[in-house]
Amino acid sequence: AGLFYFVGRLVDILDQLPGERSWDALWTAAGPELVFMAAMVLVVRTIVVGLAALVDEQTITPGFYNLVRWQAHRHVSRQSYAFFQNDFAGRIATKVWQAGQATGDLMESFIGVVWFMVVYTVTTLVLVAGLDLRLAVLVVIWITAFGWLAKRYLPAIRKHAEATAEAGSMITGRIVDSYSNVQTLKLFSADGDDRYIRSGFDIYLDALRPFTRRLTGVRMALTTLSGIMITAIACFAVYLWVEGSITVGAVAFTLSLVLRLNMLLGRLMMQLNGILRNLGVLENSKALISQPLGLTDAPDARELVVTGGRIDVKKVEFHYGKGFGVLNGIDLVVRPGEKVGLVGPSGAGKTTLANLILRLYDLEAGKITIDGQDVSEVTQNSLRANIGVVSQDTALFHRSLRDNIKLGMPEATDAEVVAAAKKAEAHDFILDLRDNRDRQGYE
């Protein structure tokens, strides 16, 4: 607002300059004031903008966004095995990432736009009121009408934003699920799962269209309001000039402020729209991320101490919450040194029993002990660290082979990595591997 005040003052100074037009006459008439205006534009404005950029680009963007994402990931990664089995991995990942983006954008909107808009509106009212209180009344009417439009449209936008975020994370989950099982799709699905993905896009578009209709309505209403108010204020400012109440510079100053206010109110509406969209996304992400952990260590859980490796399964029941089926009253003893095979048809519960020993699920009845220690009373990390598992499904992360081998022991040395590969009889073929980035062996 100060810049537009300076423009108005400069117009008045030039218009009222006595005598001939020259730098000397200009300096004599308003030298100190011109120096002050130049200092404000060159020094003070630069410092203020620089500080705002430091807060935004050096603090919020690299720090706050990623802090929220990291904390969301840390909580979600500690969820139970069932949590991930019952949802799309892509949908979960999308919501974790969106939580940080939406929270950071929300903070930036408040700091970078809303606060600035409040300051600009107040200074505009003060400066315009200094010219004529009636001009300030027109600005107040404009801002009040703007607030009414915001109250009318924005709550619905927030609701539609939440629905759109949910649909967006759903389609992302479907796409990631298809890519993760691309071999199965190519072998058994003639259209590559196109119909399933297409239906997901249709669901997303059905959620998006009401949202965009609301946005169109907001823009049209805001444009109509601003057109009316700009015309009214311009006409009244000219009327005051005709009456001799204000100068030409004051007219230019008023119209500059009004045009700037129009632009900022439009930007503010979009920012309020963005804020509520981000709130909708945040609410949608929070519903998943903030779920309490489904499987936790007991308050007094201790580390598992393996002395022999005896496993006792006593009257274990587990039905995946259905009340029947899978495992009913299972008893099993695995003594130290024994090799025991579980044989049965698909769905008999062989993998389920192994997962219960690893405490990937909690028992519905019964008890499992290792060397007399109930698996539900020891820490999950110590339990799984003492059990070696070769899964029926291979898993290789998109990382170097060295990082894959070190997954369970990040502090392992290169020599220990090679020794582990040799024990698995993998060392020789690892040395012969090369990827499309010309990386060899363990890299």
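The values are calculated or read from the model by the stated rules, or taken from the named source; none is laboratory data. Please read these numbers as outputs of a predicted model, since none were measured by experiment. Cβ sites come from the backbone with ideal geometry, for glycine too, and all protein chains shown count toward neighbours.
Residue-wise test of (1) surrounded by 14 or more Cβ atoms within 10 Å (Cβ to Cβ); (2) in contact with a Lys or Arg (Cβ under 8 Å, 6 or more places away or on another chain); (3) of a type in the set (D, E, K, R).
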{"position": "L26", "(1), (2), (3)": "yes, no, no"}
{"position": "E33", "(1), (2), (3)": "no, yes, yes"}
{"position": "A38", "(1), (2), (3)": "no, no, no"}
{"position": "R69", "(1), (2), (3)": "yes, no, yes"}
{"position": "H75", "(1), (2), (3)": "yes, no, no"}
{"position": "S80", "(1), (2), (3)": "yes, no, no"}
{"position": "F84", "(1), (2), (3)": "no, no, no"}
{"position": "I92", "(1), (2), (3)": "yes, no, no"}
{"position": "Q98", "(1), (2), (3)": "yes, no, no"}
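Within segment 344-356, is there a residue that is surrounded by fewer than 17 Cβ atoms within 10 Å (Cβ to Cβ) and touching a residue at least 60 places away in the same chain (Cβ under 8 Å)? Can you show your working first?
So the first thing to find is which residues in segment 344-356 are surrounded by fewer than 17 Cβ atoms within 10 Å (Cβ to Cβ), and the list is 344-348, 350-351, 354-355.
Remaining after also requiring touching a residue at least 60 places away in the same chain (Cβ under 8 Å): 355.
There is at least one residue in segment 344-356 that is surrounded by fewer than 17 Cβ atoms within 10 Å (Cβ to Cβ) and touching a residue at least 60 places away in the same chain (Cβ under 8 Å).
If you filter segment 315-331 down to residues that are hydrophobic (A, V, I, L, M, F, W, C) and under 10 Å from G366 (Cα atoms), you find that the one that is surrounded by the fewest Cβ atoms within 10 Å (Cβ to Cβ) is I330.
Can you tell me how many residues within segment 322-336 are small (G, A, S) and touching a residue at least 24 places away in the same chain (Cβ under 8 Å)? Walk me through how you get there before you give the answer.
The initial filter retains those residues of segment 322-336 that are small (G, A, S), namely 323, 325, 329.
Next, from what is left, pick out any that are touching a residue at least 24 places away in the same chain (Cβ under 8 Å): 329.
Residues flagged as small (G, A, S) and touching a residue at least 24 places away in the same chain (Cβ under 8 Å) within segment 322-336 amount to 1.
Is it the case that segment 228-246 has a residue that's outside any helix (DSSP H, G or I), farther than 30 Å from F88 by Cβ and not small (G, A, S)? Step through it out loud before you land on a result.
Of all residues in segment 228-246, those outside any helix (DSSP H, G or I) come to 243-246.
Still in the list and also farther than 30 Å from F88 by Cβ: 243-246.
Pick out the ones that are also not small (G, A, S) and you get 243, 246.
Yes, the conditions are met somewhere in segment 228-246.
Just one residue in the set I171, I157 is assigned by TED's automatic domain parsing to the domain that holds G217 and at pLDDT 80 or above; that residue is I171.
The single condition among (1) in a loop (DSSP other than H, G, I, E, B); (2) at positive phi; (3) surrounded by fewer than 11 Cβ atoms within 10 Å (Cβ to Cβ); (4) in contact (Cβ under 8 Å) with a residue 24 or more places away in the chain that T307 does not satisfy is (2). Taking the criterion of being part of a loop (DSSP other than H, G, I, E, B) and at pLDDT 90 or above, the only residue of segment 310-321 that qualifies is R310.
Consider segment 365-397 and keep the residues that are at pLDDT 90 or above and in a loop (DSSP other than H, G, I, E, B). The one that is surrounded by the fewest Cβ atoms within 10 Å (Cβ to Cβ) is G372. With respect to (1) modelled with pLDDT of 90 or more; (2) under 30 Å from I430 (Cβ atoms), the lone exception for A354 is condition (1).
Just one of V176, V137 is within 30 Å of F6 (Cα to Cα) and either assigned to a helix (DSSP H, G or I) or under 19 Å from the mean Cα position of the chain (by Cα) (or both); which is it? Walk me through how you get there before you give the answer.
Details: V176 fails: within 30 Å of F6 (Cα to Cα).
Testing whether each residue is within 30 Å of F6 (Cα to Cα) and either assigned to a helix (DSSP H, G or I) or under 19 Å from the mean Cα position of the chain (by Cα) (or both) leaves just V137.
Figure legend. Inter-residue proximity from segment 190-202: first residues under 19 Å from G168 (Cβ atoms), second residues small (G, A, S) and modelled with pLDDT of 75 or more, beta-carbon distance below 8 Å, spacing 6+ or different chains. Indicated pairs: D193/S178; Y196/S178; I197/S178.
Per the listing S290, S245, the residue uniquely of a type in the set (S, T, Y) and modelled with pLDDT of 80 or more is S245.
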